[in-house]
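The values are calculated or read from the model by the stated rules, or taken from the named source; none is laboratory data. All figures in this text were calculated on a predicted structure; none of them were measured in a lab. Note: ideal-geometry Cβ built from the backbone for every residue, glycine included; neighbour counts use all protein chains shown.
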Amino acid sequence: MKWLAGIALVIWATWALTDTTHTLRWKLTIEVETPQGISSGASVLESSFFEQSGVVRGASSKLLGQAIFVDLGGGNHIIAALVHGERAQSYDAIAALPVTAITGAGWGWSAYQELSRRKGSLTGNAELKPPLIPTLVYFLNLNDPRSAQVVDPFDGSFETVIGPGYRFNRATVEIVPTSWSPFSKNGLYGEAVTRGLETRLPWLKVIKGNLSGASGCNRNTELCLDIGHFLRK
């Protein structure tokens, strides 16, 4: 059976040398000031970037992980969704968030080129500034996905929606150890991708599309939260 192991090793080595996918595992942390002090929550996410060849070269990306749930105590919470914008309209750029925050590169092809230049390696951390701070969501009733509303981190909405003494403090990203692609989902090496948000938001198990229940949504004029803003598989 040793010859089988040898063949597997050769196949893996060939894949490793020719694969043009760049994978990062990173931690997104949200901190909120409360009357009792700072509360924080974090998720480990994984972003993969793929080159797309054709008439025009480009890149696509994939994100694994879940939104960040911050327990503020007293039944209060804030959730950083996996999206940007006051109407949750910027869906794709979140995968490139660590690259953009740490290097200043844009998303899509720019992020892929930056990682290629660095031979797929990125280290460090950064504090997020607008417009890189993810969409922050509060549910009037955690059991009702239709009760979601966006909370602006800087216009006083935290105190208006949640209560006196609640303020956004900061959001940070940090690159964490990852593993090579075949083991990326289960964390055999490095930090595991965070899972389990369904225990706090049980409706994530049954909803398939928009949280509002509508069949469609105009992202230019409406808040369009959907399942992909909370779970990426």
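Of all positions in the range 48-67, none carries a residue that is among the acidic types (Asp, Glu) and closer than 30 Å to LYS205 by Cβ.
Residues that are at pLDDT below 90, surrounded by 13 or more Cβ atoms within 10 Å (Cβ to Cβ) and closer than 16 Å to PRO145 by Cα within the range 215-233 comprise CYS217, GLU222, LEU223, CYS224, listed in sequence order.
Inside the range 99-155, residues that are hydrophobic (A, V, I, L, M, F, W, C) and more than 19 Å from ALA67 (Cβ to Cβ) make up a count of 9. Taken over the range 118-157, the criterion of being surrounded by fewer than 15 Cβ atoms within 10 Å (Cβ to Cβ), closer than 29 Å to GLY209 by Cα and charged (D, E, K, R) is satisfied by ASP144, ARG146. Just one of the numbered conditions (1) within 22 Å of the chain's Cα centre (by Cα); (2) without any contact (Cβ under 8 Å) to a residue 24 or more places away in the chain is not true of ASN141: (1). Quick one: would you say ILE175 is in a strand (DSSP E or B), within 30 Å of THR21 (Cβ to Cβ) and in contact with a Pro (Cβ under 7 Å, 6 or more places away or on another chain)? Yes, satisfied.
Among the residues of the range 82-89, are any free of Cβ contacts under 8 Å to residues at least 40 places away in the same chain and not acidic (Asp, Glu)? No, because not a single residue in the range 82-89 is free of Cβ contacts under 8 Å to residues at least 40 places away in the same chain and not acidic (Asp, Glu). Counted as qualifying within the range 1-117 are no helices (runs of 4 or more DSSP H), as none has 3 or more residues that are at pLDDT below 95, out of contact with any helix residue (DSSP H, G or I) (no Cβ under 7 Å at 6 or more places or on another chain) and crowded, with 19+ Cβ neighbours inside 10 Å.
If you take the residues of the range 191-233 that are assigned to a loop (DSSP other than H, G, I, E, B) and polar (S, T, N, Q), which of them is nearest to LEU140 (Cα to Cα)? Across the range 191-233, the extreme among qualifying residues is SER212.
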